[in-house]
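**Student:** Supplied in structure tokens, the structure appears directly below.
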Amino acid sequence: DGGITQSPKYLFRKEGQNVTLSCEQNLNHDAMYWYRQDPGQGLRLIYYSQIVNDFQKGDIAEGYSVSREKKESFPLTVTSAQKNPTAFYLCASLGRVNSNQPQHFGDGTRLSIL
Amino acid sequence: AQSVTQLGSHVSVSEGALVLLRCNYSSSVPPYLFWYVQYPNQGLQLLLKYTSAATLVKGINGFEAEFKKSETSFHLTKPSAHMSDAAEYFCAVSEGTGNQFYFGTGTSLTVIP
């Protein structure tokens, strides 16, 4: 079955530590996205990538970094500069940009501070 | 920029009653509209989408939504609520150019037995 796999499902970060959230898709989708979800705030876009080796900042990119070395993979690093990282992180993909297709989502990673 | 408004962050209905979740959008061009459902600690699952074909769109689990251009609305309905419908619901908009999606802040649906 095609889909998006996020790992780990739960992650704990110590003060001053960088952590990386994994997102892999086998849908052969062009674009990938990272969202942060906080209670009552909906989804906020962190970064997105339309093609390999290219990515763009979203609305809340500070304290985060990404890479897109392969079409299937779009890992998100939460750096120590992100002072309030506790949230639910969702990865999504889109088959083709400039289309009427919906985004597909992974099951999320919940990040907490130790 | 696009914006999506979901009126009512929490909605409660009795089991068997009509479900109505509201979504209004702002767009200068005909948009593509989506409803997603999210169960606790899970990702978003597509319920239905409007892509400029029929204005009444049927989705999974008995849900449907009607696109009303004059009201810039895309409200989600279901004739009879089930306990399993309790979840968070998100309305989303895309203009189909570029690749950004805009999400509402969500509506939490509670179904009372």
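The values are calculated or read from the model by the stated rules, or taken from the named source; none is laboratory data. Note that the structure is a prediction, hence the values are computed from the model and not measured. As a convention, Cβ positions derive from the backbone with ideal geometry for all residues, glycine included, and neighbour counts pool all protein chains shown. Side chains are part of the model used for accessible areas, which takes the heavy atoms of the whole protein and leaves out ligands, DNA and RNA. Shrake-Rupley method; radii C 1.70, N 1.55, O 1.52, S 1.80 Å.
**Student:** Using amide H atoms built in the peptide plane, which far-off residues or other-chain residues are under 5 Å from A:Leu21 H to H?
**Tutor:** So A:Leu21 has HN proximity to A:Leu76, A:Thr77, A:Val78.
**Student:** Return the percentage of antiparallel bridges among DSSP beta bridges fully within chain A, rounded to the nearest 5 %. Show your work: numbers first, answer last.
**Tutor:** Values: 33 of 37 bridges.
Taking every DSSP beta bridge within chain A, about 90 percent pair in antiparallel fashion.
**Student:** Using the heavy atoms of the protein chains and a 1.4 angstrom probe, tell me the accessible area per residue for the protein assembly as shown in square angstrom.
**Tutor:** Per residue, the protein assembly as shown has an accessible area of 47 Å².
**Student:** If I take the Cα coordinates of the protein assembly as shown and project them onto the principal axes, what are the three extents in Å, biggest first?
**Tutor:** Principal extents (Cα only, largest first): 49, 39, 34 Å.
**Student:** Which value in Å is the Kirkwood Rh of chain A over different Cα pairs?
**Tutor:** Hydrodynamic radius (Kirkwood, Cα pairs) of chain A is 14.1 Å.
**Student:** Given a 1.4 Å probe and no ligands, DNA or RNA in the count, how much accessible surface is buried by B and A, both sides, to the nearest 100 Å²?
**Tutor:** Buried: approximately 1800 Å² between A and B.
**Student:** A further question on this structure: Let me know the charge dipole size of the protein assembly as shown about its Cα centre in debye, to the nearest 20, where only the beta-carbon of Lys, Arg (+1) and Asp, Glu (-1) is charged. Don't jump to the answer; show the numbers that get you there.
**Tutor:** Working: 18 positive and 18 negative charges, 41 e Å.
So the magnitude is around 200 debye.
**Student:** Quick one: 3J(HN,Hα) in Hz for the range B:11-25, Karplus 6.51/-1.76/1.60 with θ = phi - 60°, rounded, Gly and Pro as x.
**Tutor:** 10, 10, 9, 7, 4, x, 7, 5, 9, 9, 10, 9, 9, 10, 10
**Student:** Largest first, please: the extent of the C-alpha atoms of the range A:54-107 along each principal axis, to the nearest Å.
**Tutor:** Principal-axis extents of the Cα atoms in the range A:54-107, largest first: 36, 22, 20 Å.
**Student:** Now for a different question. For chain B, what value does the Rg/Rh ratio take when both radii are computed over Cα atoms and Rh is the Kirkwood radius, given to two decimals?
**Tutor:** Numbers: Rg = 13.5 Å, Rh = 14.1 Å.
Reported Rg/Rh (Cα atoms, Kirkwood Rh): 0.95.
**Student:** Here is a follow-up. Taking H placed 1.01 Å from N in the peptide plane, check which residues at least 5 places from A:Gly58 or on another chain put their amide H under 5 Å from its amide H.
**Tutor:** The answer is A:Tyr47, A:Tyr48.
**Student:** Which residues of the range B:14-43 bury at least 50 Å² of accessible area once all protein chains are present, versus their chain alone (1.4 Å probe)?
**Tutor:** In the range B:14-43, residues shielded by partner chains: B:Asn41.
**Student:** Sticking with this one: Restricting to DSSP loop positions (anything but H, G, I, E, B) with no more than 13 other Cβ atoms inside 10 Å of their own Cβ, which trypsin sites (Lys or Arg not before Pro) remain in the range A:47-90?
**Tutor:** The qualifying sites are A:Lys83.
**Student:** How much of the accessible area of the protein assembly as shown, probe 1.4 Å, is carbon plus sulfur, in whole percent?
**Tutor:** Carbon and sulfur: 48 percent of the exposed surface of the protein assembly as shown.
**Student:** Short version: ³J(HN,Hα) in whole Hz for each residue of the range B:73-90, in order, from phi by Karplus 6.51 cos²θ - 1.76 cosθ + 1.60 (θ = phi - 60°), x for Gly and Pro, what are they?
**Tutor:** 10, 8, 6, 9, 9, 8, x, 9, 6, 10, 4, 5, 7, 5, 5, 9, 10, 10
**Student:** Then there is this: Take the residue pairs A:Lys83/B:Lys58; A:Lys9/B:Lys49; A:Lys83/B:Lys69; A:Lys71/B:Lys78; A:Lys9/A:Lys57 and return only those whose Cα atoms are more than 31 Å apart.
**Tutor:** Among A:Lys83/B:Lys58; A:Lys9/B:Lys49; A:Lys83/B:Lys69; A:Lys71/B:Lys78; A:Lys9/A:Lys57, the Cα-Cα distance tops 31 Å for A:Lys83/B:Lys58; A:Lys83/B:Lys69; A:Lys71/B:Lys78.
**Student:** Heavy atoms of the protein only, probe of 1.4 Å, neighbouring chains included. What is the accessible area of B:Met83 in Å², nearest 10?
**Tutor:** 80
**Student:** Obtain the radius of gyration and the Kirkwood radius of the range B:72-113 from its C-alpha atoms and give Rg over Rh.
**Tutor:** So for the range B:72-113, dividing Rg by the Kirkwood Rh gives 1.09.
**Student:** Using each residue's phi in the range A:65-81, evaluate 6.51 cos²θ - 1.76 cosθ + 1.60 at θ = phi - 60° and report the 3J(HN,Hα) Karplus result to the nearest Hz, with x for Gly and Pro.
**Tutor:** Along the range A:65-81, the couplings run 9, 9, 9, 9, 7, 10, 4, 7, 10, 8, x, 10, 9, 9, 8, 5, 6 Hz.
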